1. Answer with a single label: of [x] 56, 43, 39; [y] 49, 45, 38; [z] 57, 46, 37, which was calculated as Cα extents along the principal axes in Å from the structure in view?
2. Expected output is a single nm value to one decimal: the length gained when fully extending between A208 and A87, i.e. 0.36 nm times separation in residues minus the C-alpha distance. What is it?
3. What is the distance, in nm, between label points placed 7 Å from the Cα along the Cα-to-Cβ direction at Q101 and at D72?
4. As a test, work out the antiparallel percent of DSSP beta bridges whose residues both lie in region 1-149, rounded to the nearest 5.
5. Can you work out ³J(HN,Hα) from phi for every residue in region 262-274, in order, using Karplus 6.51 cos²θ - 1.76 cosθ + 1.60 and θ = phi - 60°, giving whole Hz and x for Gly and Pro?
6. Restricting to bridges with both residues inside the chain, how much of the DSSP beta-bridge set is antiparallel, in percent to the nearest 5?
7. Give me E178, E240 sorted ascending by neighbouring Cβ count inside 10 Å, so fewest comes first.
8. Going by how many other beta carbons lie within 10 Å of each one, how would you line up D78, D229, D224, fewest first?
Amino acid sequence: MSLVPTFATPPGFLGLPPRAGSTGTTIAGIPLDLGTTNRAGTREGPAAIRRASRMLVDGAHPVTRVDPRALDLADIGDFRLALGDLAGSLALIEQQAAEHQHLVALGGEHGITLPLLRALAKRVGGPLALVHFDAHCDTWPESFGQRFSHGQPFFHAIEEGLLDPKRMIQIGIRSPVEPETMAWTLGKGVTILSAQAVHEMGPASVAAGIVDVVGPAPAYLSFDIDALDPAFAPGTGTPEIGGLASWQAQAILRRIGGLDFRGMDVVEVAPAYDHAEITALAAATIAWEYLCRAV
């Protein structure tokens, strides 16, 4: 256990001191909040996730026995953004992401995933597999006249060849969606497990399905916190009832740690709507589970 009281933990993720970068894994906040379509406020997400991560510094993971602070891990602070300019911000995010070997991004809205995938696909040299937790499919071709809102990153990622849709699985989907959008998504070969299916299958079966879809391919994890039910994550901009419990998400993640993940993000934390940091703590724990995964 740390000799520093939890409340006095330094402000970096897991209390990490500021560093310019890492040859291993880099933590970066991306406080983008320009493409949200309901409640705003995710620009405060990275700071809230870092604060909540204080609860995770008192030892190693209870299952994997990994303490990520002992790894080559750096929190570099927040990415630069172009104030008021969504397209310019996406370009800046891609440019900065390309500088890092393995990136864990703290959002921010879900639109940040598109430039992160652009940078990573170039690094990998081809399309990626995707494990995507969300209440929403995020494959809308447009949203309220906007081409790059937080509801569209995976439409563009598939169209740009950044993802192999046949190795893409979405978990927790349950929001209203136009039949045409769902048909397009399924027609591309994406596997969708609704929240109801997750409840009925259980974490072990869901995890086995994820492993079957992704296989040995280089993969990316994108976790929208609204995949969780609002009872477990009220602090988000587009909550949907009937979602995953935090224990279900945690149990699934612990069973897919052996996949060839090359990066991840956790997004859509809006602290203004949170209560007692439960959403921020859930998001911090998702990133911590990823860092502590079995390798």
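Coordinate-derived values only; no laboratory data. Worth saying up front: this structure is predicted, and the values here are computed from it rather than measured. All Cβ positions, even for glycine, are placed from backbone atoms using ideal geometry, and neighbour counts span all protein chains on display.
1. [x]
2. Taking A208 through A87 to full extension adds about 39.8 nm, to one decimal.
3. Here the modelled spin labels are 0.3 nm apart.
4. Among the beta bridges of region 1-149, antiparallel pairing accounts for roughly 10 percent.
5. Taking θ as phi minus 60°, the curve returns 10, x, 7, 9, 10, 9, 6, 7, 10, x, 4, 9, 7 Hz for region 262-274.
6. On the way: 1 of 35 bridges.
Percentage antiparallel, nearest 5: 5.
7. Working: E178 10, E240 20.
The fewest-first ordering by Cβ neighbours comes to E178, E240.
8. D78, D229, D224
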